[in-house]
Structure formats: structure tokens, C-alpha cells
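First comes the structure, then the notes that go with it.
Taken together, the values in this text are just the output of simple stated rules run on the coordinates, not laboratory data. No experiment lies behind these values; they were computed from the predicted model shown. Here the Cβ is made from the backbone with ideal geometry for all residues, glycine too, and neighbour counts use every protein chain on show.
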Amino acid sequence: MHYDVVVVHYHEVGLKGRNRHFFERALTKNITRAIEGTGFLKVRERPGRVIISLAEEHAIDPLLSALGRVFGVSNFAPAVHVDAELGPITEAALELARSATFGTFAVRARKGNTSFEMSSQQVNEIVGKAICDQTGAGVNLDRPDWTCHIEIVADHAYLYFDRRFGPGGLPLGVSGKVMALLSGGIDSPVAAWEVAKRGASCELIHFHGQPYSDPSSVRQASQLAAHLERWLGQNRLWMIPFGDIQREIVTAAPQELRVVLYRRFMMRIAESLAEREGCQALVTGESLGQVASQTLQNIAVIDRTVERLPVLRPLIGRDKVEIVELARTIGTYEISITPHQDCCVLFTPKHVTTHASFEQLAEAESALDVDGLVEKGVANAELAWRPEK
Ligand code: ATP
Ligand code: MG
């Protein structure tokens, strides 16, 4: 089957009133970038959809997989393009029908912004009868084996049957920019993905324990960032050497407070760097009650360090099994489960309190030069080298 175009649909993007044009431009730009190098000819905006015209000699699978990762796309289909006239439409429908085998079928025509005179229902009936005559298959409007979609827009008609789902959400970039805290674990890449799905561009920040730990968490975060690029587009990954800061915390604080103190310093450094880089929120992969550092009491005292930016926790209500499932879909799961040394391992206490009190934390931090450590953390931030995907 030779296809001329891919028809791309979005729904939420189209509902944004006066911003609609801005959203559509962003979507078109993101689609063009995502399918670069896959041999398409042109990406065009048509009322309510985006049309990608295809070069003849190229396989379309790479283009279709890339489209399946563009946020804002609700569904898409490789299609045949003909003039909006009954003759060519019927011919094209019959050609599509020849490429499939089915016992029952339905024709679903829709019109948008066109002077084509016949109603959608008339098109359904005429094309349906032609397919019936050609194949001997019966019509079933409720549960057809095969559906021929016909979209008539202006003086064009697009026909397709192989419709696929996109990820939905909003085009990357329309919701501003965030700084996502990326560990080497399962949760944080999923959290960044969730916020990106709602249109936020992401910068990523990873805290590592070198020289006190091996480079495995750095490698892990780099690989995760490189993989996330398929969804997030270009994303920068900041590396923060955190070992010395952890060492100072260890000398100043009782064991069970350490993990919460580490998180408080991570948040302060992340907020400071985020502001410097023009990000409007922080993102973490916390899920309520999942581990000791994620009880409401501990989240509350960790949150108090972030003074100017909101902290987004898109996984707060998710179970681990749901997060794992998402991580598999995104493709980060296999990377995340590779054994690696978390930055905290060396200084990880045996016991972590589930209810750190603000007074205890403040007392422990009074022995530390908090501002100095945060400044040092930000000053040592480095943009990471990234492996090839
Ligand atoms: P994850 O699976 O994302 O590692 P987790 O279940 O291990 O999460 P925690 O260790 O409590 O949970 O970390 C909570 C959140 O803090 C992480 O989701 C991440 O956003 C951030 N975080 C933890 N460690 C680091 C790190 N080394 N660098 C950057 N962010 C981190
Ligand atoms: Mg972790």
C-alpha cells in the first residue's frame, strides 16, 4: 500500500481559544523536529489537523514511531490523498479495501471547512455500497473488522484505516520550562516525562557522590537523559558533585536525619540553579509514603527549603506498579534497573526517620554553612557529556 501523507490529529491543543494558533505552531514545529531525517517532504497545518506529505521511496515506520512520541498528538494515520470529489474518493477507498481482509466494515466520513456538497452520510452510503460490491463484506457500524475513514478538508480528501494513538498531552514548550531532579532510579525519569507531557520543557539535574562513590550514577543519569530526549527533545543535564556536601552533613547531623538533610540541600541547590537558568518549577519523583523520606511530614520539611518556585510531584498519587508500567512504556525502566551506586550510598544511614522535625533539622543545619554549601553546589554545576542514543 502506498501512502501519500500522514494525517495527525490533536484535541486538547485545539481547545485553547486565542492561544490556539500558538499551540498549533508549537505542535507543527515539534513534529517537524521529531521526524527529521525520516524522509518526509513537508509538514502543513490544515484546519484541525497537521498533514505530513511523504516522499515516495521512504519506509514510513521510523516516521510513525517518532510521531508516537510527540506530545500533543492524539492520533495519526498514514493516508491516501485525493481531490475532494466523489469519483477519486471512491477509487481510493476501494484501493484501501483491497489491501486488507475483513468480514465486516464501516465507512466513516467527516467534513471540515469544505465546500464539498454531499453530506458525510451520503459519502458513507455511496462508498460503503462500492466496497460491499467489490468485497462482498457486510456493513457493521458497531464493531466492524475494518474501518475506512474519510476526511474531507477544503478541496482535499484523506482516506485511511490504520489509525494509531499518540501520547496526548500538550506540545512541548507551551507550558514553560522546569528543572527536574533526576536520580538513577525508576521514578524520577517518569516524573520528568509526566510534566513534559503537559507541555513543559525540561532541564535535568543529577547529584552524584564522586569522588566518594563510583561513576555509575553519573553514567545512569546520562543514559536516562539521552533516552528521554526521544520524548523531551533537547534537554540539558546538570551534574552536581554532592559527595563533599554529604560528608559535611554526616559530621553535623544524627544518622536518622541525614537523608532528609540531603534532600533539603538538593532542593536548595536545584532551586538556585533553576532560577539562574530560567526554570519556573522543580519536579521530583516522590510518591506519597513510598519510602521513609516521602511521608507527609518529611515532604513538608523538605518543601520548606524551596522558597520561590513550586515543586511539582506528578507521581505523588501513583503506586509503584503503575510507575513501573509507565517506565516500561517510556523505555526508561531497563536503564533504571541497571545496578548503580546512588549518590547517597556511601553516607546512607541504616535508619531514616519518617517524621523529621523542623526544629531538629534547623539545629543540625545551624552547625553548617548552608548558604556557602548551596553556592558551592551551584558553582560546581557542570553540563554533562551525553552518550549517543
Ligand atoms: P527515584 O526512583 O526517582 O530514584 P526514589 O523512590 O529512589 O526515587 P528518593 O530516593 O526518596 O526516591 O528520591 C526522591 C526524589 O528525589 C527522586 O525521585 C528524585 O526526583 C530526587 N532525587 C533523589 N536522589 C537524587 C539524585 N541523586 N539526583 C537528583 N535527584 C535525586
Ligand atoms: Mg532513588
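Seen against the Cα atoms of the chain and their longest principal axis, helix 216-232 is set at about 30 degrees.
By DSSP, the beta bridges lying fully in the stretch 46-169 are antiparallel in about 55 percent of cases.
Its Cα centre serving as origin, the stretch 46-99 has a Cβ charge dipole (Lys and Arg +1, Asp and Glu -1) of approximately 360 debye.
Note on Trp385, Trp146: ascending count of other Cβ atoms within 10 Å places them as Trp385, Trp146, the fewest first.
Fewest-first ordering of His340, His208 by other beta carbons within 10 Å of each residue's beta carbon gives His340, His208. Using only Cα atoms, find the angle between the long axis of helix 258-276 and the longest principal axis of the chain, and express it within 0 to 90 degrees, rounded to the nearest 10. Approximately 60 degrees, to the nearest 10. Each of Asp187, Asp83 has some number of other Cβ atoms within 10 Å of its Cβ, and from fewest to most they run Asp83, Asp187. Using Cβ point charges alone (K and R +1, D and E -1), the dipole size of the stretch 1-75 about the Cα centre works out to roughly 540 debye. When DSSP beta bridges are restricted to pairs lying wholly in the chain, around 55% turn out antiparallel.
Ranking Asn380, Gly87, Thr354 by Cα position along the charge dipole of the chain, where only Lys, Arg, Asp and Glu carry charges on their C-beta atoms, puts Gly87 farthest toward the positive end. Note on the stretch 1-47: dipole from Cβ charges, positive end direction compared against Gly17, Val5, Leu41; the farthest Cα belongs to Gly17.
Near Val70, once Lys and Arg are set to +1 and Asp and Glu to -1 for all other residues with Cβ below 15 Å from its Cβ, the sum equals +4. Other residues within the sphere of radius under 11 Å centred on the Cβ of Asn235, judged by their own Cβ, net out at +2 (K and R +1, D and E -1).
Overall, the chain carries a charge dipole of about 380 debye about its Cα centre when +1 sits on the Cβ of Lys and Arg and -1 on the Cβ of Asp and Glu, all other atoms neutral. For the chain, the longest principal axis of the C-alpha atoms and the axis of helix 20-34 are separated by about 80°. For the stretch 283-389, the square roots of the Cα gyration tensor eigenvalues, ordered a ≥ b ≥ c, give a/c of at least 1.5 with a/b no greater than b/c, which places it in the oblate category. Per-residue ellipticity at 222 nm from helix content only, as computed over the chain with -39500 (n - 2.57) for each DSSP H run of at least four residues, stands at -12000 deg cm²/dmol.
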